[in-house]
Amino acid sequence: MLKNYFVTAFRNLARNKSFLLINVAGLTIGIASCLLIFLVIRFELSFDDYHAKKDRIYRVTTVFDRSGGLDYSSGVSVPVAQALRVDYPQLEVANMMSRGNDMITVLEDGKPVKKFRELKGVFFTEPQVFKIFDNKWLAGDPATAITDPFTAALSRSLAVKYFGSWQQAVGKSIVYEKSQPIKITGVFEDVPENSDYPFGVVISQSSNRSLMTNTDWQSTTSDQNCIIVLPENMSAAQFNNMLIAFRKKHAPESSTTLTKISYHLQPLNEIHFDERFGTYNERTFSKELIRGLALIAAFLLIIACVNFINLSTAQAVNRSKEVGIRKVLGGTRRQLVFQFMGETFIITFIAACLATVVTWLMLPFLSDLMEVSITPGAGQIPQLLLFLVAVIVCVTFLSGFYPALILSGFNPISALKSKLSAKSIGGLSLRRVLVVLQFGIAQVLIIATLVVISQMNFFRSTSLGFNQQAVLNIPLPADSVSHSKRNIVRERLMQQPGISNVSYSFSAPADFGAWSSDFNFDHSPVPINFEPSLKWADTGYFSTYGLQMVAGRPYIESDTTREFVVNETLVRKLGLKSPEEALGKEINFWDGRIVAPIVGVVKDFHSNSLKDEMNPVVMGTRERSYRMISVRIDMSKSKELLAKIEKIWNESFPDYVYEYQFMDEKIRNFYRQENQLSQLYKVFAGIAIFISCLGLYGLVSFMAVQRTKEVGIRKVLGASAANIIYLFSKEFTLLISISFLIAAPLAYYFMRDWLNKFVFRIDMGIWFFVVSIAGSLCIAWITVGYRAAKAAFANPVNSLRNE
Amino acid sequence: MIQLEKIFKWVNAGNNRTFLLKDINLTINEGEFVSVMGPSGSGKSTLLNIIGMLDEPSEGSYHFLGNDVYKMKEKQRSQLYKENIGFVFQAYHLIDELTVYENIETPLLYQNIKSSERQAIVADMLDRFNIVGKKDLFPSQLSGGQQQLVGVARALIAKPKLLLADEPTGNLNSKQGEEIMELFRQLNQESGTTIIQVTHSEKNAEYGQRIIHLLDGRIEK
């Protein structure tokens, strides 16, 4: 029985090669997209899900309640972990860790041999950390490895990088920045990519004096995470309640600050998805984005299934005779449904196999785009297969069931008498609904893509209020020896033809990681109720970045802070009527540690991405805080200048590793995730349109065959080719217009939500919608037109002769 | 074997009710060979379809082998049909995608007969109809007469008690038609298969023992 079905199915498929091709192509692309999205989602959802204690691991986070709203930090003050251990001995583990990414020097026989700048993975932490996360140890004992000062454990790949092989690492030494030698006491297996705790060099916290002596309960940086493991019998809610008393005890609210601090537990399984707090990977993946991707995957699959349904029902007429015969020979409806579902299964199965190959080929590109390796390991194969089976079953049912029902429902007498036509078997209106659905989805994706792309262009082209072109950012080492070389380095750089400006500063005008603090304004006893960004920079900063003054003048050059310049937003936030009013007023930081007058007001510039509001900014000179050199260069000589700058830098700071970044590149990085999203949208919208058009082409081909006679008669009666093409395009034009009417409001609604995430954004003008409908119509016309033209130019004598 | 009582069949076209069959009362005994004749549109095919359980009348009752067909459950009726009725068509109606062998085998598949048994039955049938050499050909590779031979073989494969033929020779030349008719007579006489055929040809009708004349949906005389 099965054999007979398969034989019929294969011969049938072989007979209708073009239909097979269209169906398989559509389904292959649909399933492949689905698989790829599944891999992305699976990867993102798998973050830190492999730790044995994962359900009891929490991060203690800090929430600042400022008058302006809530601020979230993934970090806590350094003493928190120790205090938690003392106050709540029932906690299984409470551990502090701090990120300290900088230069690692490898020692051999006490002498430095290699230098590496580690941008990721260097941590100072307490020894309990290895009781929290599951790391496989290759050498050393996790319980004792980093209990002593100046001990560290390495990941396998870093051990190989530093010492040639991990077996040789234990007992060797490294230096962190300018520390005393740190002994390697253990090597652990590399942390998988799906972890937000990417340990590479784990140094005992006791090696870091500033961390050990830190008793400041007020300041917090997101680099300092406190991770705890709750005992089995305690819920997060219970402990959150305890944290209220804990905060009151250790960090009582002072009457002068308006900021309220509270601690909250964040479960491990939320860390990767909560944009408000961030991770050590500097990458979160919101649940919203996951839902969006899942939706797109479902959409693409549905579009592919719709093709299938459309083509199969359209083709049903050709199968009616077979259905009639089988019924007369005793086949029941159930057996026929089974047979046709089997055929769908075969097609789906072929498509799924091809899709697996396509997925495999596309994986490197997607990994590139997402900047993570989502290639599944051997362990994920069963999961992947299960998903594939689920997709095959779903697609088989979604696309096979309705055509099977239609086909098996034929009355055998009329089926055998060929009384059935495309119209009488029904499904015509359904096919129309499906085309509308298909193009509706495609158009939602088109509009979304256009909006995302325009917003990205907006990000790229909008001026941030300073000149971001042709400025090179290179690090200035923090130690005093390096700082003492500032003037010499500047002079050497300025001597190079093509270098017009050199400036030292704490950070770039717009940069990751800001330093912000409140201050007392104009002798007021109460600090201001917001925290402006602090931009420590020398006077050259203004010319290097082309900052413009709206009142007063830039501060004069000095090593300490003698004068301040503020921006317009700060003036506005202080409630002053005009920039001039701010001039001469005094700013007092940290209870008189820095007191100086405002001498100028600078025109507003963005100190962070356009996603966020314009920040208030305070600028001043402060030599000890400078961490970077900004160099404005002539881009036409960039190649030789880059080499010369590197040479000068290496000669001046021989103990450090050189690196550089162009300012505009840094700014592009602000929008990394949006950029990825726009790329994904582009690809998937393209796929949606392609599959839809494939289906449309199939449908029109079928119609053309069905209406050969009609076309012949019309031509004999004097219709022109244009009339015939119009005949074919008319209906599809109408259908696509209807789908547009449904898609436009939906897309508007979704994309307005998305745009609202950004403070500075484009308006969703009418042209997005005009382009969408016009584009869809054009593509559809081209698809339909080709086939219709073929029908229209055919000689009517041929089509009528065999009647 | 077959008892039709007060069978009416009509279709409604607007306000007009068009009768396809009017008050048909007919008894056919096992082993009979009946020819149904009449002009086009007289209801011959409709009658045959009703007897073959492919169609239902608007009114009336039908007993087949003592079973009241219209009071049976769908499943039982389907079973009764599969085991006892074979169909032969004017246009042969072979499945184009299947070979001769597979076409003949298909009814057995729907009766859930085991593979080995099926092979034996089909091989016997190919032998009996002398078409062993053609078993791997597709219908389009056969002449009309050969196709109809396959059609008859397929109709007989499940050893039905009743063979229904709707103008089986309509598309054949007279020699091929004669061969099919001889085959029918042989079947009727040697195996005792009941045969009801619809035909336009007086000559072919003569092969039957009884001729029923239909006119405007009524049995004449």
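The values are calculated or read from the model by the stated rules, or taken from the named source; none is laboratory data. The structure presented is a predicted model; accordingly, all values stated were derived computationally and were not measured. As a convention, Cβ positions derive from the backbone with ideal geometry for all residues, glycine included, and neighbour counts pool all protein chains shown.
Looking only at residues of the stretch A:591-610 that are free of Cβ contacts under 8 Å to residues at least 40 places away in the same chain and assigned to a strand (DSSP E or B), we find that the one that is nearest to A:Arg553 (Cα to Cα) is A:Pro597. Does B:Ser140 qualify as being in contact (Cβ under 8 Å) with a residue 40 or more places away in the chain, more than 9 Å from chain A (Cβ to nearest Cβ) and surrounded by fewer than 14 Cβ atoms within 10 Å (Cβ to Cβ)? Criteria met by B:Ser140.
Between A:Thr348, A:Thr332, A:Thr344, A:Thr356, the distinction of being more than 10 Å from chain B (Cβ to nearest Cβ), of a type in the set (Ser, Thr, Tyr) and either surrounded by fewer than 22 Cβ atoms within 10 Å (Cβ to Cβ) or without any contact (Cβ under 8 Å) to a residue 24 or more places away in the chain (or both) belongs to A:Thr356 only. A:Leu295 meets all of the listed conditions (1) within 30 Å of A:Glu92 (Cβ to Cβ); (2) surrounded by fewer than 16 Cβ atoms within 10 Å (Cβ to Cβ) but one, namely (1). Scan the stretch A:300-315 and give yes if some residue there is within 14 Å of chain B (Cβ to nearest Cβ), assigned to a helix (DSSP H, G or I) and of a type outside the set (D, E, K, R), otherwise no. Within the stretch A:300-315 (the criterion being within 14 Å of chain B (Cβ to nearest Cβ), assigned to a helix (DSSP H, G or I) and of a type outside the set (D, E, K, R)), the answer is yes, since at least one residue qualifies.
Condition first: among the aliphatic types (A, V, I, L, M), assigned to a loop (DSSP other than H, G, I, E, B) and either assigned by TED's automatic domain parsing to the domain that holds A:Lys114 or more than 18 Å from A:Val471 (Cβ to Cβ) (or both). Can you find one or more residues in the stretch A:616-631 that meet it?
The answer is no; no qualifying residue exists.
Kindly indicate whether any position in the stretch A:13-24 is in contact with a helix residue (DSSP H, G or I) (Cβ under 8 Å, 6 or more places away or on another chain) and within 30 Å of A:Pro532 (Cα to Cα). No, the stretch A:13-24 contains no residue that is in contact with a helix residue (DSSP H, G or I) (Cβ under 8 Å, 6 or more places away or on another chain) and within 30 Å of A:Pro532 (Cα to Cα). Residues that are among the acidic types (Asp, Glu) and assigned to a loop (DSSP other than H, G, I, E, B): does the stretch A:704-720 have at least one? No, every residue in the stretch A:704-720 fails to be among the acidic types (Asp, Glu) and assigned to a loop (DSSP other than H, G, I, E, B).
For the residues A:Val191, A:Val170, A:Val175, the requirement of being under 30 Å from A:Phe273 (Cβ atoms) and surrounded by 17 or more Cβ atoms within 10 Å (Cβ to Cβ) singles out A:Val191. Of everything listed in (1) in contact with a helix residue (DSSP H, G or I) (Cβ under 6 Å, 6 or more places away or on another chain); (2) modelled with pLDDT of 90 or more; (3) more than 30 Å from A:Leu39 (Cβ to Cβ), the single unmet condition for A:Ile184 is (1).
Counting the residues of the stretch B:148-190 that are under 24 Å from B:Thr46 (Cα atoms), of a type in the set (Gly, Ala, Ser) and free of Cβ contacts under 8 Å to residues at least 40 places away in the same chain gives 1.
Looking across A:Ile296, A:Ile302, A:Ile290, A:Ile325, one residue alone is within 17 Å of A:Ile347 (Cα to Cα), modelled with pLDDT of 85 or more and not charged (D, E, K, R). It is A:Ile302.
Note on the stretch A:458-575: enclosed helices (runs of 4 or more DSSP H) holding 3 or more residues that are surrounded by 20 or more Cβ atoms within 10 Å (Cβ to Cβ) and without any contact (Cβ under 8 Å) to a residue 60 or more places away in the chain are A:568-573. Number of residues in the stretch A:111-125 that are part of a strand (DSSP E or B) and surrounded by 13 or more Cβ atoms within 10 Å (Cβ to Cβ): the value is 9. Taking (1) without any contact (Cβ under 8 Å) to a residue 60 or more places away in the chain; (2) part of a strand (DSSP E or B); (3) closer than 30 Å to A:Tyr660 by Cβ in turn, A:Leu138 satisfies each apart from (3).
Of the residues screened, B:Ser40 is one that is among the small types (Gly, Ala, Ser), closer than 21 Å to B:His200 by Cβ, surrounded by fewer than 16 Cβ atoms within 10 Å (Cβ to Cβ) and free of Cβ contacts under 8 Å to residues at least 60 places away in the same chain. Return yes when B:Leu172 is at negative phi, more than 13 Å from chain A (Cβ to nearest Cβ), surrounded by 15 or more Cβ atoms within 10 Å (Cβ to Cβ) and not charged (D, E, K, R) and no when it is not. Yes, satisfied.
The single residue among A:Asp522, A:Asp511, A:Asp518, A:Asp479 that is of a type in the set (D, E, K, R) and at positive phi turns out to be A:Asp522. Mind checking which residues of the stretch A:111-135 are within 29 Å of the chain's Cα centre (by Cα) and either over 24 Å from A:Ala83 (Cβ atoms) or in the same structural domain as A:Asn650 (by TED's automatic domain parsing) (or both)? Within the stretch A:111-135, A:Phe116, A:Arg117, A:Glu118, A:Leu119, A:Lys120, A:Gly121, A:Val122, A:Asp134, A:Asn135 qualify.
Residues of the stretch A:624-644 that are hydroxyl-bearing (Ser, Thr, Tyr) and surrounded by fewer than 17 Cβ atoms within 10 Å (Cβ to Cβ): A:Ser636, A:Ser638.
For A:Tyr726, the criteria (1) in contact with a Phe, Trp or Tyr (Cβ under 6 Å, 6 or more places away or on another chain); (2) exposed (fewer than 15 other Cβ atoms within 10 Å of the Cβ); (3) of a type in the set (Phe, Trp, Tyr) hold in every case but one, which is (1).
With respect to being buried (at least 16 other Cβ atoms within 10 Å of the Cβ), under 28 Å from A:Leu20 (Cα atoms) and under 40 Å from the mean Cα position of the chain (by Cα), A:Ser701 falls outside the description. Mind checking whether some residue in the stretch A:152-159 is over 27 Å from the mean Cα position of the chain (by Cα), farther than 20 Å from A:Met103 by Cβ and in the same structural domain as A:Gln128 (by TED's automatic domain parsing)? Yes.
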